[in-house]
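The values are calculated or read from the model by the stated rules, or taken from the named source; none is laboratory data. The structure displayed is predicted, hence computed values, not measured ones. Using ideal geometry, Cβ is built from the backbone for each residue, glycine included, and neighbour counts are taken over all protein chains shown. Remember, those area values only see protein heavy atoms, side chains included, never the ligands or the DNA or RNA. Shrake-Rupley method; radii C 1.70, N 1.55, O 1.52, S 1.80 Å.
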Amino acid sequence: NSWTCKKYGKLNSGWENDLKAGFTECMRVLERYGVLIFKWSCRDIPVSKIIACFGYEPLFGHKTTAQSVWLTFMKVY
């Protein structure tokens, strides 16, 4: 019932597959050497679990707050 949930939605069961499918689609439509910037709040799920879910290592990441991490991915194939 939180404001954040109402505004942005929430992850349901099977969220790993949903995030993986979304990430895969983003990478599919990127041109070669295209860049994807991804922001994640680590409040409930650590970013390491998200990276494992994607199966693709970011070029680098940047922690902006105690909970927010920005990751940069590049399509090189």
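Looking at the chain from every direction and averaging, what is the projected area of its Cα convex hull in nm²?
Numbers: hull surface 22.7 nm².
Mean projected area for the chain: 5.7 nm², to one decimal.
To the nearest 0.05, what FRET efficiency results for Val76 and Ser41 with a Förster distance of 30 Å applied to their C-beta separation?
Details: r = 27 Å, r/R0 = 0.91.
E(calc), rounded to 0.05, equals 0.65.
Computed from the C-beta positions of Arg28 and Lys63, the FRET efficiency with R₀ = 30 Å rounds to 0.60. Rolling a 1.4 Å probe over the heavy atoms of the protein chains gives the chain an accessible area of 74 Å² per residue.
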